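Each remark here refers to the structure printed beneath this line.
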Amino acid sequence: MALIEIAETSKLYGFGDATTLALDEVTLSVEKGEFVAVMGPSGSGKTTLLNLIGLLDQPTHGDYKLDGRLVSRLSSNQQAKLRRDYIGFVFQSFNLLSRLSVIDNVSLPLAYKGMPPVRRAKRASDILELVGMRDREYFMPHQLSSGQAQRAAIARALINKPRIIIADEPTGNLDSHDSKVVMELFAEIHRQGNTIMLVTHNPELTRYANRVLYMYDGMIVGDERTPIGYMAKHARRIYFKKLRTTDDDIAAGVSALLKDVPGQEITTKGQKRKPQGRKRGLKQKVSRSKR
Amino acid sequence: MWSGNLRNALSSLRQSRWRTTFTMLGIIIGVVSVVTIVSLGDGLKRQVSGQINQLGKNVLTVRPGTIDGKHKSISNLNLYSYLAPSTLSLQDVASIQNLPSIQAAAPIDFVSASATGDDGQFGDVFVAGTSPGLWDILHERAAYGSLFADDSSTDQQNNIAVIGSDIATKLYSALNPVGNSIKINGQSFTIYGVLPASAGSLLSVTGADLNSSVFIPESAAQNLTNNHSNILQIFAQTKPGANLDSSVKAIQQAVSTSHNGVNDFTVLKQNELLAVSDQLVGTVTSFMSGIAAIALVVGGIGIMNILLVSVSERTREIGIRKAIGATNRQILNQFLVEGLVLTVGGSVIGIGLAMLINLLLRLYSSWRPVVSLPIIILTVGISLAAGVLFSIAPALKAARKNPIDALRGE
Ligand SMILES: Nc1ncnc2c1ncn2[C@@H]1O[C@H](COP(=O)(O)OP(=O)(O)O)[C@@H](O)[C@H]1O
Ligand SMILES: [Mg+2]
């Protein structure tokens with residue numbers, strides 16, 4: 001049984017003329033222990049997909065089974081508890097609470113679980129040791145560098161021993177050195193058997209993943225297994241296919257390019273590519289009227 | 001969890017120190033005014049009842065106007081009767097004095113509300129004509145000079161006055177102004193004696209204060225007012241051993257006869273006088289505290305306002321907390337605790353300030369406010385209730401935020 005099972009799930013935002021189809025009947029299953037990198041141009045639905053998996057948001061249509069349990073229609077309180085116990089979030093902008101010290105930030109999920117302060121401080125210290133931040137326990141977030149802040153945020157995501165770690169562009173605000181440190185951390189977490197879903201624009205980072213999802217217009221258009229240590233094939237091909245790249249393209253990485261290469265031949269194992277028929281037209285009409 | 005919430009609330013309130021201070025100010029003002037007003041009222045009640053008790057049980061009071069039935073309601077009793085002609089006359093004083101069970105009777109005959117002395121005019125004064133019997137009834141001795149004794153002396157001696165201690169200090173600077181003169185309605189009076197400073201005034205029921213009173217012999221008062229007397233009350237002291245109730249009846253009969261059977265006056269025993277004065281003070285106090293309570297409510301609305309602002313400013317924080325597993329309940333508690341800290345803090349500071357004001361009033365004024373535990377408990381209770389009540393809406397708003405919308409918000 002897969003850890004994450006999403007069946008024909010759609011997500012619509014807004015009403016009437018302003019409706020956006022952010023996810024278009026997506027079907028996906030992720031096994032325990034997979035490190036999944038999600039790529040795709042901006043607006044293709046990556047964040048929406050991760051929010052659904054992380055139970056921050058509910059699908060408009062379709063079912064989501066987490067660890068065999070149907071969770072997409074639970075009450076907001078039950079979902080909050082599942083987020084607390086099953087899921088660790090790492091955000092692009094770190095999202096540490098600015099008024100709390102590093103150790104208080106890291107131990108906050110345990111506080112919401114009702115663990116006594118002394119025990120949760122001990123646990124938080126241990127986790128901070130793991131991410132190499134033990135010596136900055138009592139720093140305030142504004143006293144940290146970006147890399148340190150993201151490591152603290154990862155410690156917070158790990159503290160409840162979650163089943164899934166969801167990282168939405170975690171290196172988006174980091175320089176290449178800090179990115180590497182953070183990605184090595186994810187690699188270590190993955191080696192210990194954790195499941196990770198990571199959104200990135202950087203094809204280099206697919207080296208850490210053993211599976212890459214390519215998204216376009218709310219659909220998963222490619223699903224590639226890739227050995228750890230190697231850049232994913234399709235990501236590399238698309239990246240180098242374009243003759244001329246601008247600085248922006250390089251900064252945005254392969255995801256931006258994906259958008260400029262319509263009909264890119266992404267063959268996938270197991271996953272069939274969606275026929276782009278009527279629904280696609282609807283989506284385009286919708287997004288055009290939005291602009 | 002609760003201690004965490006508390007720490008959280010304190011740190012977030014510290015972040016916006018000024019806003020916190022001004023928010024608390026509403027509650028502080030409310031608590032200070034309620035506690036101070038009620039304690040002033042309680043103090044006044046005690047003062048008045050202390051003086052009524054000092055009168056002794058054997059002093060009866062005759063007032064113009066009537067009190068309906070057994071309820072002793074103040075509504076019909078003309079407490080500010082010197083604004084309207086009194087129904088009592090000097091003849092009533094004489095007929096009460098002549099009753100066999102009565103030892104002494106003394107009128108309080110209002111003459112004027114201003115007097116002029118060496119150091120200028122004194123507007124806040126109560127000039128009354130009375131008879132020497134008053135001193136015994138009030139148990140007063142002269143602090144300086146002496147109190148006039150006999151009404152049937154020469155005219156020269158009739159133009160004498162006994163003044164309260166406030167008048168002495170304000171009009172003459174010197175503590176002993178005996179022998180100086182004081183002008184009342186253009187006529188000069190020689191100061192004959194000064195009363196000792198008193199804690200307050202029996203006469204406060206009529207709106208006057210013994211310390212700022214000037215007493216002149218009744219005959220002089222008659223001269224000044226062209227025989228238009230305005231008797232606010234008559235004190236009647238019964239002889240030792242005389243039955244109080246039959247004395248009341250005797251007075252009622254005597255006065256009623258000379259009023260052609262019209263019952264346009266009231267005879268009050270000491271305890272009835274107490275009840276009436278308590279009721280008067282109570283009415284004024286509760287009216288004032290009602291106004292002060294509005295300040296408390298306004299303070300509560302201020303808290304709601306600030307919490308609402310705080311909730312929208314911290315949308316992102318709420319989003320993060322929810323993402324890492326805070327339930328709606330836990331977010332709700334966080335903001336409720338913040339509201340409670342504001343109200344509890346405001347109440348504590350308010351009570352501290354009220355205590356300080358109390359002390360200052362006791363030290364530097366003639367007021368004697370009394371802070372009682374029940375009133376503190378009541379005030380704190382009300383402000384806590386207001387705090388919780390007005391925190392609920394913002395806290396609910398925070399708790400119900402959708403996590404992704406909140407995360408997106410800044
Ligand atoms: N809360 C929202 N309200 C309306 N539209 C939204 C909302 N969130 C996302 N969208 C739209 O859904 C689409 C997918 O967005 P998103 O999942 O954030 O894409 P990505 O993360 O791949 O950039 C976009 O067109 C975006 O504008
Ligand atoms: Mg995104």
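Per the conditions (1) under 42 Å from the mean Cα position of the chain (by Cα); (2) within 14 Å of chain A (Cβ to nearest Cβ), the sole criterion not satisfied by B:Leu307 is (2). Considering only residues in segment B:1-54 that are surrounded by fewer than 19 Cβ atoms within 10 Å (Cβ to Cβ) and within 24 Å of B:Asp209 (Cα to Cα), the one that is modelled with the lowest pLDDT turns out to be B:Gln54.
Applying the condition of being in a loop (DSSP other than H, G, I, E, B) and acidic (Asp, Glu) to segment A:17-44 and asking which residue is nearest to A:Gly88 (Cα to Cα) yields A:Glu34.
Do we have any residue at all in segment A:93-102 that's more than 12 Å from ligand 1 (Cβ to nearest atom), over 26 Å from B:Gln330 (Cα atoms) and open to solvent by 10 Å² or more (accessible area, probe 1.4 Å)? Explain how you work it out, then say what you get.
Within segment A:93-102, the first condition is being more than 12 Å from ligand 1 (Cβ to nearest atom), and the residues that meet it are A:93-102.
Subset that is over 26 Å from B:Gln330 (Cα atoms): none.
Within segment A:93-102, not a single residue is more than 12 Å from ligand 1 (Cβ to nearest atom), over 26 Å from B:Gln330 (Cα atoms) and open to solvent by 10 Å² or more (accessible area, probe 1.4 Å).
Checking the structure you have, find out if any residue of segment A:21-29 is at negative phi, open to solvent by less than 10 Å² (accessible area, probe 1.4 Å) and away from ligand 1 (no atom under 13 Å from the Cβ). Scanning segment A:21-29, I find at least one residue that is at negative phi, open to solvent by less than 10 Å² (accessible area, probe 1.4 Å) and away from ligand 1 (no atom under 13 Å from the Cβ), so the answer is yes. Here is the figure for segment A:148-193: residues that are within 14 Å of another protein chain (Cβ to nearest Cβ), β-branched (Val, Ile, Thr) and either surrounded by fewer than 21 Cβ atoms within 10 Å (Cβ to Cβ) or within 16 Å of ligand 1 (Cβ to nearest atom) (or both) total 1.
Identification of strands (runs of 3 or more DSSP E) wholly contained in segment A:157-225 with 1 or more residues that are within 30 Å of A:Leu97 (Cβ to Cβ) yields A:164-168, A:195-199. Counting the residues of segment B:224-262 that are polar (S, T, N, Q), open to solvent by 40 Å² or more (accessible area, probe 1.4 Å) and either under 30 Å from B:Asn158 (Cα atoms) or not assigned by TED's automatic domain parsing to the domain that holds B:Ile102 (or both) gives 3.
Per this entry, B:Val48 is not counted among residues that are under 24 Å from the mean Cα position of the chain (by Cα) and more than 29 Å from B:Ala354 (Cα to Cα). The set of residues from segment A:123-147 being closer than 17 Å to A:Ala111 by Cα and open to solvent by less than 20 Å² (accessible area, probe 1.4 Å) comprises A:Ala124, A:Ser125, A:Leu128, A:Glu137.
Tally the residues that are within 14 Å of chain A (Cβ to nearest Cβ) and at negative phi, restricting the search to segment B:318-360.
Number satisfying all stated conditions: 18.
Return the residues of segment A:54-66 that are in contact (Cβ under 8 Å) with a residue 40 or more places away in the chain and more than 12 Å from ligand 1 (Cβ to nearest atom); say none if nothing qualifies.
Applying the first criterion (in contact (Cβ under 8 Å) with a residue 40 or more places away in the chain) to segment A:54-66 yields A:54, A:57, A:59-66.
Within segment A:54-66, A:Gly54, A:Pro59, A:His61, A:Gly62, A:Asp63, A:Tyr64, A:Lys65, A:Leu66 meet the criteria.
Of all the residues in segment A:59-78, those that are part of a loop (DSSP other than H, G, I, E, B), under 18 Å from A:Pro162 (Cα atoms) and not small (Gly, Ala, Ser) number 2. Among the residues of segment A:124-144, not a single one is at the interface with chain B (Cβ under 9 Å from one of its Cβ atoms) and either more than 16 Å from ligand 1 (Cβ to nearest atom) or farther than 30 Å from A:Met1 by Cα (or both). Determine which member of the set A:Val38, A:Val71 is crowded, with 16+ Cβ neighbours inside 10 Å and within 11 Å of ligand 1 (Cβ to nearest atom). The conditions single out A:Val38. In the set (1) more than 16 Å from ligand 2 (Cβ to nearest atom); (2) over 20 Å from A:Leu213 (Cα atoms); (3) within 14 Å of chain B (Cβ to nearest Cβ); (4) not basic (Lys, Arg), the condition left unmet by A:Ser93 is number (1). Tell me yes or no: at least one residue of segment B:365-386 is in a helix (DSSP H, G or I), of a type in the set (Ser, Thr, Tyr) and buried (at least 21 other Cβ atoms within 10 Å of the Cβ). Yes; the residues of segment B:365-386 include at least one that is in a helix (DSSP H, G or I), of a type in the set (Ser, Thr, Tyr) and buried (at least 21 other Cβ atoms within 10 Å of the Cβ). Yes or no: A:Asn105 within 14 Å of chain B (Cβ to nearest Cβ), within 16 Å of ligand 2 (Cβ to nearest atom) and within 25 Å of B:Arg7 (Cα to Cα)? Spelling it out, it is not the case that A:Asn105 is within 14 Å of chain B (Cβ to nearest Cβ), within 16 Å of ligand 2 (Cβ to nearest atom) and within 25 Å of B:Arg7 (Cα to Cα). Scan segment A:28-59 residue by residue and report those that are within 15 Å of A:Met219 (Cα to Cα), among the polar types (S, T, N, Q) and away from ligand 2 (no atom under 16 Å from the Cβ). A:Ser29, the sole residue that qualifies.
Please go through segment B:392-410 and give me each residue that is of a type in the set (Val, Ile, Thr) and touching a helix residue (DSSP H, G or I) at 6+ places or on another chain (Cβ under 6 Å), ordered by number. Answer for segment B:392-410, where residues must be of a type in the set (Val, Ile, Thr) and touching a helix residue (DSSP H, G or I) at 6+ places or on another chain (Cβ under 6 Å): just B:Ile404.
Can you confirm whether segment A:45-58 contains a residue that is crowded, with 16+ Cβ neighbours inside 10 Å, more than 8 Å from every other protein chain (Cβ to nearest Cβ), outside any helix (DSSP H, G or I) and touching a helix residue (DSSP H, G or I) at 6+ places or on another chain (Cβ under 6 Å)?
Checked segment A:45-58: at least one residue is crowded, with 16+ Cβ neighbours inside 10 Å, more than 8 Å from every other protein chain (Cβ to nearest Cβ), outside any helix (DSSP H, G or I) and touching a helix residue (DSSP H, G or I) at 6+ places or on another chain (Cβ under 6 Å).
Taking the listed residues B:Leu60, B:Leu79, the one that is open to solvent by less than 30 Å² (accessible area, probe 1.4 Å) and modelled with pLDDT under 85 is B:Leu79, with no other qualifying. Checking each residue in segment B:378-410 for being away from ligand 1 (no atom under 16 Å from the Cβ) and within 14 Å of chain A (Cβ to nearest Cβ) picks out B:Leu396, B:Ala398, B:Ala399, B:Arg400. If the condition is being at pLDDT 85 or above and part of a strand (DSSP E or B), then segment B:85-115 contributes B:Ile102, B:Gln103, B:Ala104, B:Ala105, B:Ala106, B:Pro107, B:Ile108, B:Asp109, B:Phe110, B:Val111, B:Ala115.
Can you list the helices (runs of 4 or more DSSP H) found entirely within segment B:217-333 that contain at least 2 residues being touching a helix residue (DSSP H, G or I) at 6+ places or on another chain (Cβ under 6 Å) and closer than 30 Å to A:Lys81 by Cβ?
Of the helices (runs of 4 or more DSSP H) lying wholly inside segment B:217-333, those with at least 2 residues that are touching a helix residue (DSSP H, G or I) at 6+ places or on another chain (Cβ under 6 Å) and closer than 30 Å to A:Lys81 by Cβ span B:270-313, B:315-323.
Taking the numbered list (1) at pLDDT 90 or above; (2) under 27 Å from A:Gln148 (Cα atoms); (3) open to solvent by 50 Å² or more (accessible area, probe 1.4 Å) in turn, A:Arg225 passes all entries but (2). Scanning segment B:351-410 for residues that are among the charged types (D, E, K, R) and without any contact (Cβ under 8 Å) to a residue 60 or more places away in the chain yields a count of 1. Here B:Gly207 fulfils each of the conditions (1) touching a helix residue (DSSP H, G or I) at 6+ places or on another chain (Cβ under 7 Å); (2) modelled with pLDDT under 85; (3) open to solvent by 10 Å² or more (accessible area, probe 1.4 Å) apart from (1). Restricting to segment A:107-128, name every residue that is assigned to a helix (DSSP H, G or I), among the aliphatic types (A, V, I, L, M) and more than 10 Å from B:Ile324 (Cα to Cα). Across segment A:107-128, the qualifying residues are A:Ala111, A:Val118, A:Ala121, A:Ala124, A:Ile127, A:Leu128.
The values are calculated or read from the model by the stated rules, or taken from the named source; none is laboratory data. If you're wondering where the values come from, they're calculated on a predicted model, not measured in any experiment. Glycine also receives a Cβ, built like all others from the backbone with ideal geometry; neighbour counts cover every protein chain displayed. All accessible areas refer to the heavy atoms of the entire protein, side chains included, with ligands and DNA or RNA removed. Shrake-Rupley method; radii C 1.70, N 1.55, O 1.52, S 1.80 Å.
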